[in-house]
Amino acid sequence: MIVEPQAPERIFYDGSCGLCHRGVRFVVRRDPEGRAFRFAPLGGPTFAREVDPAIASGLPDSFVIVTRDGRVLPRSDGALHVLAALGGIWRVLAAVGKIVPRGVRDFLYDRIAAVRKRLFRPPADACPVAPAELRRRFDP
């Protein structure tokens, strides 16, 4: 019997945000083989294909996760989901984060998201020519 590996989950991110780029790099370093996550920009064709427009209209413009089972996780739920999936100490931090009520977590998330482009400018190499094995993890 051949067991197919589970498809990676999708991280949709703001391509013009330095904090979002740093978040993608963080995940890539901790998921080097790309088993857990693929990446695509918010508002791109992959996002339009995978997220119902009625749901998309209510999502933040910063960071959204689509899980293997089709759940859409925005804001702090998405961030904690990513940490938990990375395992190790990150799973522990996610568990601690989930103790905080979602309303409080999302309030803090929204405050950071509101100033992220002023505080975290995109790095000069935001769109570097990446090696082929890394480019395959990114969708339009």
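The values are calculated or read from the model by the stated rules, or taken from the named source; none is laboratory data. All figures in this text were calculated on a predicted structure; none of them were measured in a lab. For neighbour counting, all protein chains shown are included, and Cβ atoms are generated from backbone atoms with ideal geometry for every residue, glycine included.
Annotation: residue 77 fulfils all but one of (1) of a type in the set (Asp, Glu); (2) part of a loop (DSSP other than H, G, I, E, B); (3) under 19 Å from residue 114 (Cβ atoms); the unmet one is (2).
Criterion first (without any contact (Cβ under 8 Å) to a residue 12 or more places away in the chain, of a type in the set (A, V, I, L, M, F, W, C), in contact with a helix residue (DSSP H, G or I) (Cβ under 8 Å, 6 or more places away or on another chain) and within 21 Å of residue 19 (Cβ to Cβ)) does residue 84 satisfy it? When the stated conditions are applied, residue 84 passes them. With respect to the conditions (1) assigned to a helix (DSSP H, G or I); (2) farther than 14 Å from residue 20 by Cα, residue 115 lacks only one, and its number is (2). Find the residue count for segment 4-63, including only residues that are touching a strand residue (DSSP E or B) at 6+ places or on another chain (Cβ under 6 Å), modelled with pLDDT under 90 and of a type in the set (Lys, Arg). Number of matching residues: 0. Counting only helices (runs of 4 or more DSSP H) that fall entirely inside segment 1-67 and contain at least 2 residues that are surrounded by 16 or more Cβ atoms within 10 Å (Cβ to Cβ) and in contact (Cβ under 8 Å) with a residue 24 or more places away in the chain, the qualifying elements are 18-30, 45-50.
Of all residues in segment 57-99, those satisfying the criterion of being of a type in the set (Lys, Arg) and within 14 Å of the chain's Cα centre (by Cα) are 68, 71, 75.
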